[in-house]
Amino acid sequence: MTTTSTRLGELVDRFGGHLIGSPDIMLAGIAPLSDADERHITFLSNAKLRAQAAATRAAALILTAADHAQIAADYAGACIVTPHPYVYFARAAQYFASLKAIPALAGIHPSAWVSPHAIVAASASIGAHVSIEAEAVIGENVVIGAGVAIGRGVGIADHTQVHANVSIYDYCSIGRRCIVHSGAVIGADGFGFANERGNWIKIPQTGRVLIGDDVEIGANTSIDRGALTDTVIEEGVKLDNQIQIGHNCHIGAHTAMAGCVGVAGSARIGKYCTFGGAAMVLGHLTIADHVHISSGSMVSRSILEAGQYTGFYPLAKNADWEKTAAIVRNLSGMREKIRQLEKTIKTLTEKSS
Amino acid sequence: MTTTSTRLGELVDRFGGHLIGSPDIMLAGIAPLSDADERHITFLSNAKLRAQAAATRAAALILTAADHAQIAADYAGACIVTPHPYVYFARAAQYFASLKAIPALAGIHPSAWVSPHAIVAASASIGAHVSIEAEAVIGENVVIGAGVAIGRGVGIADHTQVHANVSIYDYCSIGRRCIVHSGAVIGADGFGFANERGNWIKIPQTGRVLIGDDVEIGANTSIDRGALTDTVIEEGVKLDNQIQIGHNCHIGAHTAMAGCVGVAGSARIGKYCTFGGAAMVLGHLTIADHVHISSGSMVSRSILEAGQYTGFYPLAKNADWEKTAAIVRNLSGMREKIRQLEKTIKTLTEKSS
Amino acid sequence: MTTTSTRLGELVDRFGGHLIGSPDIMLAGIAPLSDADERHITFLSNAKLRAQAAATRAAALILTAADHAQIAADYAGACIVTPHPYVYFARAAQYFASLKAIPALAGIHPSAWVSPHAIVAASASIGAHVSIEAEAVIGENVVIGAGVAIGRGVGIADHTQVHANVSIYDYCSIGRRCIVHSGAVIGADGFGFANERGNWIKIPQTGRVLIGDDVEIGANTSIDRGALTDTVIEEGVKLDNQIQIGHNCHIGAHTAMAGCVGVAGSARIGKYCTFGGAAMVLGHLTIADHVHISSGSMVSRSILEAGQYTGFYPLAKNADWEKTAAIVRNLSGMREKIRQLEKTIKTLTEKSS
């Protein structure tokens, strides 16, 4: 059994920050304030939890200078002072996780099938029952999980991890350091048909999906290939589970989408946007950079100005909803009633003056 | 060809109820009132269908004493009288289905790959192209379908059935008598990132998914592993298809969710709740026991009181919706207009008095 | 490298239309107006783009006689005149795609597992790590991608293509010329339970899924088997990605559903309907032929009249939504206020007259 204990000073050497206390304090891991004990380092990223932080039993605390000043009277333990404790937490947690990780074995599992016309780096790890078609190129240190199907001419760049049972269609490409979760489907046909007297005539989908570096794609998420041109996911995009990205979409760098989001075809979404869960975007729209869409909202027109946008029906007790929904259905009747009142009042006012 | 005929008395011996008529009536199966003929037993679980039940050609009828009293004048056939005909139907249907079921063969399919460091019960059935990593433990009478990928240290308890192409990540565990449908993904990384000047820094997801006994998980449903602690699905929970459960959620026993539901991270949902299709729950909320959320409703705040809650925009003809939606967009204008009217009327009233 | 150049006259020979210009013009492919150059044929299917079409550098243009008359003064290049340019584009694009397609090899991949009691046509192509259970029947020219799991007694008719990692449960059947995309699950259990004092008692799902000819099923879409009878998808239906079809649904011919649609159990949907993305249909409803549901709309009652129906909350800047949502929550208060105003005005009017 390997020990995963780490000196507090090791974190500061790796990730910076101002150390208060002994660098020789030993840490078994990182834990949230609610769970941390004397084996852990913990973090304060929410000023509301200052009192809880001051009382922590943890071996050390990551926090801002401002929070440190506030709790210094009550907390005499070790600290790492940094402007961004939550980012520091993420980095420290990555480090502790890396100590416990069991590295994937380089090489091709005997049950995998790899075309003799594919190129697989010697450092790549290809799991059980994987299939890799001709002309695919698998980069250094790539890890492919069990049952993944990789089509003809697919490119997967260095250090990318593809989890079990992912399907990647012909000629799609995935950048470096990406993570693709199980059940994701990359490059299925876009939904494109011409209608001829009620019958749907398929428009062949001959574009690709091009995915940049540092993209994460959630479980059971689908990204369709383009019709004549490509679907593009720029670097740093993070997609949660159960997301649908239609053909020819273009998603700008560092945009993040929570679970169950749907984006219809040919939408062009800016950089640094966020989409709450189950938000939906209609096709052929343009969304500017730095737009934030709330959960459950339907985006039915282009948004050219940064900001937060929302559109979902507020929840209520069912009986109350029944009442308000009936009024919503007849809002134009209510508007008409108000107009009538206005007229009557105008008449009354004229009479009385 | 095996015969699957069953004596009516056999059902009463197994599942109770008061038999009226001969126990020797032979039944080929169970069918709904609309389809049943003289080979079937059928059931009346909806008082509106009494007349249809009284006229049934079925060999026997499952119903309540109250319904029996109502139709006794018109129906002289065999009956099983029970307080819960629909539950009796479920049990009888399970019994008839078991007669026709082809049992899975115990043993490991020659095309499967099982780590020498995994433990697989001799009575388990492991399908084609399955992979099972080290330290996994597969219990008695477990059935694993083709192409399932089972990660390191996974536990699957006795009598659980996992259908084809499911993916289960490292260290997750599944209870007894569960059913996991194809395409489900259990234990993918939760969606957790710290934001550093626009870039997303991954927070490693080191918790597990823990699933209790008697849970059913639908096709293409995803349940994420926890970040630092675990995601928990208690016993008897039923999840339909295409559901997303975020990291660190806790779902109470016997709660049921219909298709396309999404639950964001760290939501804590009570026992005996129901969620209609495509209902959505935001993160970090608490939902009490016995809460029922209607289909298509967005839960954006905690619900601490049992009851039925709803929030979706009522459907209308598109032209009518265009009108009411325009008014909704300007409801604050309408409210202002009403305030103006109130003032004017107040002035008029004062004048006239 | 094979050349894929085609004479313009070849298209007219295959797909009709009235040719203006030389049949010997050589075409490398088809491209949209925005991208086409002298190697391409392009098409005009939107009258707003007439000016762009008249200025195209493309080798030839597909358009209507009316559009041709409008731009003839400005455009002297080759044309194919047809009543339906978009349909013509679809057919021409299919033709060009077929020239570049690499045909699947007939035969069974050595890593596939096929039951000796299954029947596979000699012209079918069975990919790596496929499994096919007993009594399954795979037709002529069927192509099965890597990792597909085909259950007992499944039928897949001629010329159908099933992409990687699809799961098809026992006894389901798929028609001719269908396309099933990766991650789709056909025939998982419907969500059927009887409730006994809070516990869910499973109702066995013993029906099948029956899919007609020329159906396309998107990535990660799920279609549940029926409970006692079958789930039916008629010919020509097109389902996009991430769709959920509940048990015992019946979807009429040539209906199309965009991504993320959900249809609850026993819904009966007509022919030639369309459903926008993320539309939801409750269970046991009837939808007539030629009904069109807008994206994001919840269908909570049967629709017996053809037409377009909509129901989603309009998007707004978050601050505006906060205001209008608060009013929506209290619409019955607003209605009461209007009633009070009406009374007061009535009194005033009576006084003043």
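The values are calculated or read from the model by the stated rules, or taken from the named source; none is laboratory data. Quick caveat: nothing in here was measured; it's all calculated off a predicted structure. Ideal geometry is used to build each Cβ from the backbone, glycine not excepted, and the neighbour counts take in all protein chains shown.
Taking the stretch A:198-208, which residues are over 31 Å from the mean Cα position of the chain (by Cα) and of a type in the set (Gly, Ala, Ser)? Full working, then the answer.
Let us first name the residues in the stretch A:198-208 that are over 31 Å from the mean Cα position of the chain (by Cα), namely A:198-202.
Matches in the stretch A:198-208: A:GLY198 only.
Here is a list of conditions, (1) at the interface with chain C (Cβ under 8 Å from one of its Cβ atoms); (2) not in a strand (DSSP E or B), and A:GLY207 meets all of them except one; can you say which number that is?
Exception for A:GLY207: condition (1).
With at pLDDT 95 or above, more than 30 Å from A:THR274 (Cβ to Cβ) and in contact with a helix residue (DSSP H, G or I) (Cβ under 7 Å, 6 or more places away or on another chain) as the only criterion, which of A:ILE345, A:ILE327, A:ILE338 stands out? Steps first, please.
Values: A:ILE345 fails: at pLDDT 95 or above; A:ILE338 fails: at pLDDT 95 or above.
Sole residue among the options that is at pLDDT 95 or above, more than 30 Å from A:THR274 (Cβ to Cβ) and in contact with a helix residue (DSSP H, G or I) (Cβ under 7 Å, 6 or more places away or on another chain): A:ILE327.
For the stretch B:293-331: of the residues being under 17 Å from B:ILE251 (Cα atoms) and crowded, with 20+ Cβ neighbours inside 10 Å, which is nearest to the other protein chains (Cβ to nearest Cβ)?
Out of the qualifying residues, it is B:VAL299.
Hey, does the stretch B:14-24 have a residue that's buried (at least 16 other Cβ atoms within 10 Å of the Cβ) and under 18 Å from C:ILE201 (Cα atoms)?
yes
Hey, can you tell me all the residues within the stretch A:253-275 that are farther than 18 Å from C:ALA279 by Cα and either under 13 Å from the mean Cα position of the chain (by Cα) or within 11 Å of chain B (Cβ to nearest Cβ) (or both)? First the steps, then the outcome.
Filtering the stretch A:253-275 down to residues farther than 18 Å from C:ALA279 by Cα leaves A:253-258, A:266-275.
The answer is A:ALA253, A:HIS254, A:THR255, A:ALA256, A:MET257, A:ALA258, A:LYS271, A:TYR272, A:CYS273, A:THR274, A:PHE275.
Count, please, the residues in the stretch B:243-264 that happen to be buried (at least 24 other Cβ atoms within 10 Å of the Cβ) and assigned to a strand (DSSP E or B).
Number of matching residues: 6.
Considering only the stretch C:279-287, I want to know if a residue exists there that is part of a loop (DSSP other than H, G, I, E, B) and touching a Cys at 6+ places or on another chain (Cβ under 6 Å). Spell out how you get there, then give the answer.
Here is the first cut: in the stretch C:279-287, the residues part of a loop (DSSP other than H, G, I, E, B) are C:279, C:282-285.
Subsequent filtering for residues that are touching a Cys at 6+ places or on another chain (Cβ under 6 Å) retains none.
Within the stretch C:279-287 (the criterion being part of a loop (DSSP other than H, G, I, E, B) and touching a Cys at 6+ places or on another chain (Cβ under 6 Å)), the answer is no, since none of the residues qualifies.
Quick one: in the stretch B:158-197, of everything that is touching a residue at least 60 places away in the same chain (Cβ under 8 Å) and either under 19 Å from the mean Cα position of the chain (by Cα) or in a strand (DSSP E or B) (or both), which residue is farthest from B:VAL148 (Cα to Cα)?
Step one: filter the stretch B:158-197 for residues touching a residue at least 60 places away in the same chain (Cβ under 8 Å), giving B:175, B:181, B:190-192.
With the extra rule that they be either under 19 Å from the mean Cα position of the chain (by Cα) or in a strand (DSSP E or B) (or both), the set shrinks to B:175, B:181.
Values: B:GLY175: 17, B:HIS181: 11 Å.
The qualifying residue farthest from B:VAL148 (Cα to Cα) is B:GLY175.
Got at least one residue in the stretch A:246-269 being in contact with a His (Cβ under 8 Å, 6 or more places away or on another chain) and hydroxyl-bearing (Ser, Thr, Tyr)?
yes
Being within 14 Å of chain C (Cβ to nearest Cβ), out of contact with any Phe, Trp or Tyr (no Cβ under 9 Å at 6 or more places or on another chain) and modelled with pLDDT of 95 or more, is that true of even one residue in the stretch B:183-202? Quick ask: steps written out before the conclusion?
To start, the set of residues in the stretch B:183-202 that are within 14 Å of chain C (Cβ to nearest Cβ) comprises B:183-185, B:188.
Checking which are out of contact with any Phe, Trp or Tyr (no Cβ under 9 Å at 6 or more places or on another chain) leaves us with B:183-184.
Subsequent filtering for residues that are modelled with pLDDT of 95 or more retains B:183-184.
The answer is yes; a qualifying residue exists.
Under 7 Å between Cβ atoms, which residue pairs at least 6 apart in sequence (or on different chains) link something in the stretch A:98-111 that is more than 16 Å from A:GLN161 (Cβ to Cβ) and at the interface with another protein chain (Cβ under 9 Å from one of its Cβ atoms) with a partner that is part of a loop (DSSP other than H, G, I, E, B) and of a type in the set (S, T, N, Q)?
Taking only residues 6 or more apart or on different chains, the pairs are A:LYS100/A:THR4.
Inside the stretch B:276-292, can you point out the residues that are closer than 27 Å to C:ILE223 by Cβ, among the aliphatic types (A, V, I, L, M) and within 8 Å of another protein chain (Cβ to nearest Cβ)? Write out each step before concluding.
Residues of the stretch B:276-292 closer than 27 Å to C:ILE223 by Cβ: B:276-281, B:292.
Going one step further and asking which of them are among the aliphatic types (A, V, I, L, M), we end up with B:278-281.
Within the stretch B:276-292, B:ALA278, B:MET280 qualify.
Tell me, which residue of the stretch A:222-242 that is part of a loop (DSSP other than H, G, I, E, B) and at the interface with another protein chain (Cβ under 8 Å from one of its Cβ atoms) is surrounded by the fewest Cβ atoms within 10 Å (Cβ to Cβ)? Steps first, please.
Step one: of the stretch A:222-242, the residues part of a loop (DSSP other than H, G, I, E, B) are A:225-230, A:234-237, A:240-242.
Next, from what is left, pick out any that are at the interface with another protein chain (Cβ under 8 Å from one of its Cβ atoms): A:228-229, A:236, A:240-242.
Working: A:LEU228: 22, A:THR229: 17, A:GLY236: 22, A:ASP240: 30, A:ASN241: 33, A:GLN242: 30.
Across the stretch A:222-242, the extreme among qualifying residues is A:THR229.
What number of residues within the stretch A:142-157 are within 11 Å of another protein chain (Cβ to nearest Cβ) and either modelled with pLDDT under 95 or outside any strand (DSSP E or B) (or both)?
We begin by selecting, within the stretch A:142-157, every residue within 11 Å of another protein chain (Cβ to nearest Cβ); these are A:145-153.
Filter again for either modelled with pLDDT under 95 or outside any strand (DSSP E or B) (or both), leaving A:145-148, A:151-153.
Adding up the residues that qualify gives 7.
Go through B:ASP170, B:ASP213, B:ASP189 for me and flag whichever is among the charged types (D, E, K, R), closer than 20 Å to A:PRO32 by Cα and either surrounded by 20 or more Cβ atoms within 10 Å (Cβ to Cβ) or assigned by TED's automatic domain parsing to the domain that holds B:ASP240 (or both). Working first, answer last.
On the way: B:ASP170 fails: closer than 20 Å to A:PRO32 by Cα; B:ASP213 fails: closer than 20 Å to A:PRO32 by Cα.
Testing whether each residue is among the charged types (D, E, K, R), closer than 20 Å to A:PRO32 by Cα and either surrounded by 20 or more Cβ atoms within 10 Å (Cβ to Cβ) or assigned by TED's automatic domain parsing to the domain that holds B:ASP240 (or both) leaves just B:ASP189.
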